[in-house]
Amino acid sequence: MKRTRNVIVLLTILVLMLTYCLAGCSKDKPQDTERPLNSDVRTIVDHANREHKIPVQINKVFSTSPVGTILLYTLDPNLLIGWNYELSTSEKEYILPEYQSLPNLGGWYAKATCNIEELLKIKPDIIISVGVIDDMAVAQANQIQEQMGIPVIIINGELAKFNETYEFAGQLLN
């Protein structure tokens with residue numbers, strides 16, 4: 001009798017623990033995405049609290065800096081349309097051969113060397129800007145978006161929050 005009672009208590013505790021764990025795993029979709037039925041466009045809010053209308057299906061992405069380019073490459077290299085600089089021989093050792101020949105399109109970091117004409121020819125669906133979020137980053141993203149006519153999504157590049165960065169980018173690109 002005592003053993004049966006202990007088993008029931010143990011099972012109750014296990015069920016409660018499992019319920020608690022599963023409740024944490026079943027997060028709702030972020031509130032920053034909404035999509036009307038039968039729409040090719042969805043609305044998202046980036047990490048700088050800027051609202052964007054972007055395609056439901058993202059096929060081509062460019063990043064303003066190498067940090068975002070590597071983020072993109074590690075998530076889905078098929079979306080990457082170009083590098084921010086010429087890859088060195090040692091860097092190419094870590095890049096799959098089919099992506100080594102993507103064009104060097106420059107970027108908006110350091111000396112701001114982006115090849116705007118070439119980028120416009122490739123027609124990315126979105127541009128991502130991964131880095132520190134401050135007034136200067138927001139102003140730069142707004143300027144690029146206005147100049148290019150392409151949504152520029154600001155993503156937090158803070159190392160301590162990079163797990164959130166990957167989660168946001170994964171939801172953005174899927």
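A compact table of results
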| item | result |
| --- | --- |
| Residue that is nearest to Val138 (Cα to Cα) [pool: residues in the stretch 80-90 that are surrounded by fewer than 18 Cβ atoms within 10 Å (Cβ to Cβ) and not charged (D, E, K, R)] | Tyr85 |
| Check on Ala141, closer than 13 Å to Ser65 by Cβ and buried (at least 17 other Cβ atoms within 10 Å of the Cβ) | yes |
| Filter result (assigned to a strand (DSSP E or B) and surrounded by fewer than 18 Cβ atoms within 10 Å (Cβ to Cβ)) within the stretch 55-78 | Pro55 |
| Failed condition for Asn84, given (1) touching a Lys or Arg at 6+ places or on another chain (Cβ under 6 Å); (2) touching a residue at least 24 places away in the same chain (Cβ under 8 Å); (3) more than 26 Å from Val41 (Cα to Cα) | (1) |
| Breaking point among (1) among the polar types (S, T, N, Q); (2) out of contact with any Leu (no Cβ under 8 Å at 6 or more places or on another chain); (3) within 17 Å of Gln143 (Cα to Cα), for Asn115 | (2) |
| The one condition in (1) assigned to a strand (DSSP E or B); (2) at positive phi that Ile128 fails to fulfil | (2) |
| Index of the failed condition, Tyr94 passing every other in (1) among the aromatic types (Phe, Trp, Tyr); (2) surrounded by fewer than 12 Cβ atoms within 10 Å (Cβ to Cβ); (3) modelled with pLDDT under 95 | (3) |
| Test result for Leu159, of a type outside the set (Phe, Trp, Tyr), touching a residue at least 12 places away in the same chain (Cβ under 8 Å) and either surrounded by 19 or more Cβ atoms within 10 Å (Cβ to Cβ) or over 15 Å from Trp108 (Cβ atoms) (or both) | no |
| Leading residue by the ranking (nearest to Ile81 (Cα to Cα)) among those in the stretch 101-119 that are assigned to a helix (DSSP H, G or I) and more than 21 Å from the chain's Cα centre (by Cα) | Glu118 |
| Residue check for Ile154: more than 23 Å from Val41 (Cα to Cα), in contact with a His (Cβ under 8 Å, 6 or more places away or on another chain), surrounded by 12 or more Cβ atoms within 10 Å (Cβ to Cβ) and in contact (Cβ under 8 Å) with a residue 12 or more places away in the chain | no |
| Glu98 among the acidic types (Asp, Glu), out of contact with any Leu (no Cβ under 7 Å at 6 or more places or on another chain) and either outside any loop (DSSP other than H, G, I, E, B) or at positive phi (or both) | yes |
| Complete set of residues in the stretch 79-95 that are of a type in the set (S, T, N, Q), over 13 Å from Thr64 (Cβ atoms) and either in a loop (DSSP other than H, G, I, E, B) or touching a Phe, Trp or Tyr at 6+ places or on another chain (Cβ under 9 Å) (or both) | Ser88 |
| Every pair of residues 6+ apart whose Cβ atoms lie under 6 Å, when the first sits in the stretch 105-129 and is free of Cβ contacts under 8 Å to residues at least 24 places away in the same chain while the second is of a type in the set (S, T, N, Q) | Gly106/Thr113; Gly106/Asn115 |
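The values are calculated or read from the model by the stated rules, or taken from the named source; none is laboratory data. None of the values given here were measured: they were computed from a predicted structure. Don't worry about glycine lacking a Cβ; one is built from the backbone with ideal geometry, like all the others, and counts go over all protein chains shown.
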